Amino acid sequence: MQIQIEAQPFAAISTEALVTFVFDKDERIEGTVALLDQATQSKLAPLAKSGELTGKMFEMVLLHYPQGLAAQRLLLVGAGKPDKFSPADLRRLTGAALRYLKSRGVKNFTILAREGNGGAAALQTVVEGLFIANFESDTYRSKKDNGKVIESVKLAGFEGSSAELESAYERGKLLGESQNFARSLINEPSNKLTPRNLADRAAAMAKESGLAVEILDEDKIAELKMGALIGVAQGSVEPPRVIVITYTPANLRADAPVLGLVGKAVTFDTGGISIKPADGMEKMKYDMGGGATMLGVMRALAQLKPSVKVICVVPATENMPGGRAQKPGDVQVAMSGKTIEIINTDAEGRLILADGIAYAKKLGATHLIDAATLTGAIVVALAGVHVGAFGTPREYLDRFLKSADAVGEKMWPMPMDDDYQEMIKSSIADIRNTGSGKGGGAITAAWFIKEFAEDTPWIHLDIAGTAWFDENKAWSAKGPTGIAVRSIVDFVMKMS
Ligand code: BES
Ligand code: ZN
Ligand code: ZN
């Protein structure tokens, strides 16, 4: 998909479809829409009057061969109430327009900015929306949608210097493509993406992006005594890997923070000996979503060049019930030295994060963020709407939530009171890998991870409910979402 910034007046743009947005208000025919109404000799005002053009969110009104325009079609996308309108809506509306037109065989179209949403920031948002919407999850389908592809998109009516608009475009493309990089990994089935394959793909990305990379194999993992990761991996014939990618800024200040990004990458979670029910188990290929998120973040950071050092640690393994698999009641010794009683082998994500976090700290991380498809409990608490965001100290989490807000990713703060820490006490070891069965499963899981982050400022994102869409959305194909990539990038860029 080619994207270009167009300088011509809208009426003269030759395109298969000219697209703009209409707000849900009495004065719908205003601004850009009023200009379009004039240019088409008032083809729009009667539609507003008859109730065909309401401006309701995602309403699509398509006119063919509109007179007065060089465009073959005019598409008016409903944008909802103007006082509620946010950049997140702009991203989604743009995406919805792309998917609507693509499904009708349109190959090129033009987005015409609306007044008030036509600066460089809006252009970046629009570009992100286009890339997110253009992603398809049908990688292995022989017959892909009859050749329906978007070849090019023009962006018209955006105001700013060409340098400003150009850099907004570059940034939007980088973020959209990095999010899609994460999605393409998440979408892979587990037979095509084993821990070793994931490590290869991460290393290739790192090399292409100019980032330092080290892949720890099973021998190195044993040497480092990553007992929690080894315990999970031992039930599989596929060996584990730990992917370590480092970004180091030029002119690194000695007192600058070092950020550790740790992502859960269970390339398939059967549950292990505490095996999951068959129904829906195929979805557990996305249990490496946290790791993929962090790889997408690193891909973007390599080009955005923040002023802080960033160390990405992705422990990767399968969770299988093989003959050597760990069993409920087993005790494992984590790399940090803490002992863990395994109550349920399906609570494996926190185990591999324990060693990932300890290793990031060993490499010098002064601040931590982890992302993981960690618990079914977070799906119960927040459905698929918000990411569950945990963290200590609270001020560190609050700063992160501002970034999530800024990039339009819904996240909700969860409690970390000491009361929950009690629930992971074990009678045989330091801690146990599940709560006490009183509920709060997402919080006790977070507390387990905090036992390894300890006093290092730490954020934990439980993306179990939000990393995968079961249904198509107007602005996105069903499947992997790539949630949290943009929030983490925004947060790192504001850190220094
Ligand atoms: N990978 C799952 C969590 C998950 C659930 C991800 C639904 C995506 C969608 C995780 O490893 C798991 O199995 N967690 C258990 C923990 C329990 C045994 C304490 C869970 O949440 O049921
Ligand atoms: Zn599990
Ligand atoms: Zn899991």
#### Entry: Counted residues, segment 3-46 - those being surrounded by fewer than 17 Cβ atoms within 10 Å (Cβ to Cβ) and of a type in the set (Ser, Thr, Tyr)
2
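May I ask you to list the residues in segment 314-351 that are in a loop (DSSP other than H, G, I, E, B) and under 23 Å from the mean Cα position of the chain (by Cα)? I'd like the intermediate steps shown before the answer.
Residues of segment 314-351 that are in a loop (DSSP other than H, G, I, E, B), as a first pass: 320-330, 334-338, 342-348.
Selection gives Ala347, Glu348.
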### Task
Select, from Thr456, Thr466, Thr481, the only residue that is surrounded by fewer than 20 Cβ atoms within 10 Å (Cβ to Cβ) and of a type in the set (Ser, Thr, Tyr).
Thr456
## Note on the structure
Among the residues of segment 65-111, the number that are aromatic (Phe, Trp, Tyr) and surrounded by fewer than 21 Cβ atoms within 10 Å (Cβ to Cβ) is 2
### Task
Run Ile230 past the list (1) within 16 Å of ligand 2 (Cβ to nearest atom); (2) outside any strand (DSSP E or B); (3) crowded, with 20+ Cβ neighbours inside 10 Å and report the number of the one that doesn't hold.
(1)
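Just for segment 387-399: of the residues that are part of a strand (DSSP E or B) and under 27 Å from Ser496 (Cβ atoms), which one is nearest to the chain's Cα centre (by Cα)? Walk me through it before giving the result.
Of all residues in segment 387-399, those part of a strand (DSSP E or B) come to 387-392.
If we keep only those that are under 27 Å from Ser496 (Cβ atoms) too, we end up with 387, 389-392.
Working: Val387: 10, Ala389: 14, Phe390: 17, Gly391: 19, Thr392: 22 Å.
Applying the filter and picking the extreme gives Val387.
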#### Entry: Unmet criterion (only one of (1) out of contact with any strand residue (DSSP E or B) (no Cβ under 8 Å at 6 or more places or on another chain); (2) crowded, with 24+ Cβ neighbours inside 10 Å; (3) of a type in the set (A, V, I, L, M)) for Ala406
(2)
### Message
Please go through (1) buried (at least 22 other Cβ atoms within 10 Å of the Cβ); (2) without any contact (Cβ under 8 Å) to a residue 40 or more places away in the chain for Met423 and return the number of the only condition it doesn't satisfy.
### Response
(1)
### Task
Filter segment 356-386 for residues that are more than 16 Å from ligand 2 (Cβ to nearest atom) and either assigned to a helix (DSSP H, G or I) or closer than 23 Å to Val331 by Cα (or both) and give the result.
Ile357, Ala358, Tyr359, Ala360, Lys361, Lys362, Ala381, Leu382
### Query
If you check Thr434 against the conditions, is it surrounded by 15 or more Cβ atoms within 10 Å (Cβ to Cβ), of a type in the set (S, T, N, Q) and more than 22 Å from Tyr286 (Cβ to Cβ)?
no
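Laboratory data are not the source of any read-out in this text; all were calculated from the coordinates shown. None of the values given here were measured: they were computed from a predicted structure. Positions of Cβ are generated from backbone atoms using ideal geometry, with glycine treated the same way; all protein chains shown enter the neighbour counts.
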